[in-house]
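Working notes, beginning with the structure itself.
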Amino acid sequence: MAIEARHVSKRFGTFTALDDVSVTVDDGALMALLGPSGSGKSTLLRIIAGLETPDEGEVVIGGEQVTDTPARSRGVGFVFQHYAPFKHMTVHDNVAFGLSVRRRPKAEIEARVKELLGLVRLDGLAERYPSQLSGGQLQRMALARALAVQPKVLLLDEPFGALDAQVRGELREWLRRLHEEIHVTTIFVTHDQEEAMEVAEQIVVMNKGRIEQTGTPRDLYESPSNEFVMSFIGPVNRIGDAYVRPHDVEILAHDDGSATEALIKRVVHLGFEVRVELTLPDGRDISAQVTRANAAELELHEGQILPVRLPRPRVFAA
Amino acid sequence: MVGARGGSVLGKGLLGIYLSVLVLLPVAALLAKSGTGGTSQFWREISNPEAVAAIKLTLIISAIVVLINAIFGTIIAWVLVRDEFPGKRIVNALIDLPFALPTIVAGVVLLALYGKGSPVGIDVAFTRAAIVLALLFVTLPFVVRSVQPVLHELDVSMEEAAESLGAGPLTVLRRIVLPSLAPAIISGVALSFARAVGEFGSLVLITGNLPFKTEVGSVYVFGQIQNENLPAAAAVSVVLLVAALVVLAALTLLSRWRSKHVL
């Protein structure tokens with residue numbers, strides 16, 4: 001179901017967490033709320049879930065006004081940053097919780113729990129306790145628990161934040177596939193731009209309680225609407241008022257008249273890509289990104305002086 | 001490594017001597033004293049009707065008191081951790097007052113307040129209600145202080161998760177909060193019970209020590225010592241000690257079993 005937040009504001013004391021924010025998430029979409037800490041993204045998610053009350057504005061889920069509906073009646077599945085497992089219950093009882101609260105018949109609960117544990121690949125761990133699970137397993141249990149009640153929407157707060165890099169990569173991929181399978185409208189909060197771009201179809205970039213830009217990962221990368229989005233989505237060089245992506249910096253073999261000279265300070269090999277740290281004649285430092293083949297061809301090394309071209313610098317109106 | 005091991009041996013030795021002097025030797029002496037007249041005298045002493053009445057009264061009232069403590073101690077801890085109100089720090093400090101106050105002083109205060117000529121119009125002196133009141137006062141901190149830190153560490157998002165899964169406030173309390181607090185409540189109850197069984201100072205004034213009515217075990221023991229009937233005093237003491245130990249051990253096991261997966 002579609003989710004709408006309209007003109008939502010929220011203050012905590014003197015701190016403005018959200019300042020007149022409006023977001024629309026289409027039915028069945030997978031959207032990321034992306035921003036640095038303190039940008040208000042988690043507060044917005046909690047307001048949609050009903051775990052926080054907005055000072056102003058309203059929340060509409062599936063066309064139904066839910067601003068004054070308590071969290072327990074919103075039909076929202078919420079996955080917490082640290083999973084919030086019920087530590088005194090087994091995995092089975094954790095997943096069954098929502099159904100048993102709804103007093104569903106035992107047979108139905110058993111069947112549903114079994115199905116969900118299969119879906120999140122935790123079959124065989126039903127009788128374990130949360131303290132006996134790894135971070136990734138806890139995460140999947142939390143997801144199964146949220147999905148058990150067949151929520152209208154699924155909300156995830158920094159779902160991969162507390163996991164190590166490898167598990168995180170696997171779970172991102174898995175979340176994407178899961179979403180394709182069950183198609184429940186999903187919003188997840190993250191501060192990791194790579195994660196947002198890899199998982200989400202739509203990204204809302206937030207900063208200081210406001211929305212900076214909304215768009216597909218490609219939109220945001222290729223046509224950022226302001227400096228914040230440009231520097232938050234992907235690496236960037238700032239040259240005066242202009243911004244240049246490192247991969248747009250061209251290192252040339254011969255000066256064709258349009259280039260400036262730059263001194264190579266450091267060459268960093270990152271696998272397929274090579275990052276070259278350069279100093280321009282006016283003393284400014286920038287970095288360039290070239291392919292491994294390109295770097296080998298130019299025989300890039302420290303201390304070398306080479307012509308460099310900076311095409312397409314982007315300038316944002318103040 | 002050698003140094004560390006040496007230190008640990010020294011530590012264990014010290015612990016052993018310390019515990020022996022303070023706990024084990026006195027208990028052994030008590031057991032020895034209670035057995036001086038043989039088992040038949042021991043049984044005779046503890047089956048004396050007055051002794052039986054005193055022991056029964058002690059155990060039943062202690063049980064009532066810890067039950068009240070379990071409920072109100074948890075509520076007080078909840079308010080102190082979850083609610084904000086002016087003067088919270090002062091209230092929090094007040095909880096320890098029963099520990100700080102000499103129990104005999106507590107007895108005097110309670111007698112003045114809830115005795116004959118009570119300024120608040122409640123006279124419970126020399127009744128069983130007075131025993132409950134005095135014991136509630138001296139055991140107040142146990143449950144509060146054992147629940148407070150656990151409640152403080154309790155992950156609020158667990159309650160939010162339950163709520164978002166459709167649970168109402170009572171269900172959250174019953175299925176999430178209380179099971180998480182149970183080990184702490186149980187251990188507070190165990191300590192309260194042990195304390196209540198042995199309490200003397202606060203009771204000796206306000207209960208009037210009427211045999212078969214308001215005379216508790218500890219006061220009975222005191223009376224027997226004054227009558228130079230040491231075997232009787234020792235025998236009843238042993239019964240009180242065993243009762244306290246058994247309850248303490250049982251509740252500790254229960255608490256450990258409950259907390260197996262929680263902590």
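Some values worked out for this structure:
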read-out: Nearest 10 degrees, 0 to 90: helix A:91-101 Cα axis against chain A principal axis; value: 60 degrees
read-out: Residue-averaged beta-carbon neighbours from other chains (10 angstrom radius) around B:151-161; value: 5
read-out: Residue range of chain B that is longest and free of trypsin sites (Lys or Arg not before Pro) which are both DSSP loop and sparsely packed (at most 16 other C-beta within 10 Å); value: B:1-115
read-out: Computed over segment A:102-246: relative contact order in percent, which uses C-alpha pairs under 8 Å that are six or more apart; value: 13 percent
read-out: Per DSSP, loop chymotrypsin sites (Phe, Trp or Tyr not before Pro) in segment A:236-318 with at most 12 further Cβ within 10 Å; value: A:272
read-out: Within chain A, longest stretch clear of exposed GluC sites (Glu not before Pro) (DSSP loop, no more than 14 other Cβ within 10 Å); value: A:128-298
read-out: Extreme residue, positive dipole direction of the protein assembly as shown, given options B:105, A:82, B:183 (C-beta unit charges); value: B:105
read-out: Neighbourhood charge, 15 Å Cβ-Cβ cut-off, centred on residue B:141 and excluding it, Lys, Arg +1 and Asp, Glu -1; value: 0
read-out: Accessible area per residue in Å² at 1.4 Å probe, computed on segment A:236-310; value: 56 Å²
read-out: Accessible area of the protein assembly as shown belonging to carbon and sulfur atoms, whole % at 1.4 Å probe; value: 59 percent
read-out: Accessible solvent surface per residue of segment A:3-230, calculated while the other protein chains remain in place, 1.4 angstrom probe, Å²; value: 42 Å²
read-out: Interatomic Cα distance distribution for chain A, bins of 10 angstrom, percent; value: 6, 23, 26, 20, 14, 9, 3, 0
read-out: Exposure of residue A:216 as accessible area (Å², to 10), given a probe of 1.4 Å and all protein chains; value: 40 Å²
read-out: Net +/- balance of residues flanking residue A:253 in space, Cβ distance below 12 Å, scoring K and R +1, D and E -1; value: -4
read-out: Centre separation in Å (Cα based) which lies between segment A:113-150 and segment B:114-154; value: 45 Å
read-out: Listing of segment A:42-80 residues, each with accessible area lower by at least 10 Å² in the full protein assembly than in the chain alone (probe 1.4 Å); value: A:46, A:51, A:71, A:72, A:76, A:78, A:80
read-out: For segment B:38-262, size of Cβ-based charge dipole, Lys and Arg +1, Asp and Glu -1, in debye; value: 260 debye
read-out: Mean separation of Cα contacts under 8 Å (6+ apart) over length of segment A:236-310, as relative contact order %; value: 40 percent
read-out: Inter-centroid distance (Cα atoms) of segment B:34-49 relative to segment A:233-273, Å; value: 97 Å
read-out: √(5λ) per eigenvalue of the Cα gyration tensor, the protein assembly as shown, largest first, Å; value: 68, 29, 24
read-out: 1.4 Å probe accessible area per residue over segment B:1-81, in Å²; value: 63 Å²
read-out: Separation of alpha-carbon centers, segment B:215-259 and segment A:5-31, rounded to whole Å; value: 62 Å
read-out: Filter on A:10/A:152; A:10/A:208; A:41/A:208; A:114/A:152 - keep pairs with C-alpha separation over 19 Å; value: A:10/A:152; A:114/A:152
read-out: Rounded to the nearest 20 debye, dipole of the protein assembly as shown from Cβ charges on Lys, Arg, Asp, Glu; value: 3040 debye
read-out: Expected 222 nm ellipticity per residue - DSSP helices of 4 or more, -39500 (n - 2.57), all of chain B, to 500; value: -24500 deg cm²/dmol
read-out: Residue (of B:227, B:24, A:116) at the positive-pole extreme of the protein assembly as shown, dipole from beta-carbon charges; value: B:227
read-out: Total accessible area lost when B and A pair, probe 1.4 Å, Å² to nearest 100; value: 2100 Å²
read-out: Of the DSSP H helices in chain B, those whose Cα atoms cover at least 27 Å axially and whose Kyte score averages 0.5 or more; value: B:49-82, B:128-153, B:178-198, B:230-258
read-out: Rg/Rh ratio calculated on Cα atoms of segment A:236-310 (Kirkwood radius); value: 0.93
read-out: Average beta-carbon neighbours from other chains, 10 Å sphere, peptide B:174-181; value: 3
read-out: Among B:147, B:132, B:79: highest mean-square fluctuation, GNM of chain B, C-alpha pairs under 10 Å; value: B:79
read-out: Value of relative contact order over chain B, rounded to a whole percent, pairs C-alpha under 8 Å and six or more apart; value: 30 percent
read-out: Longest segment of chain B lacking GluC sites (Glu not before Pro) that sit in a DSSP loop with at most 12 other Cβ atoms within 10 Å; value: B:85-227
read-out: Positive dipole terminus of chain A, leading residue within A:18, A:40, A:155 (C-beta point charges); value: A:155
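The values are calculated or read from the model by the stated rules, or taken from the named source; none is laboratory data. Given the structure is predicted, the values throughout are model-derived calculations rather than measurements. Cβ atoms come from the backbone with ideal geometry, glycine included; neighbour counts cover every protein chain shown. Areas reflect the complete protein model, heavy atoms only, side chains present, ligands, DNA and RNA absent. Shrake-Rupley method; radii C 1.70, N 1.55, O 1.52, S 1.80 Å.
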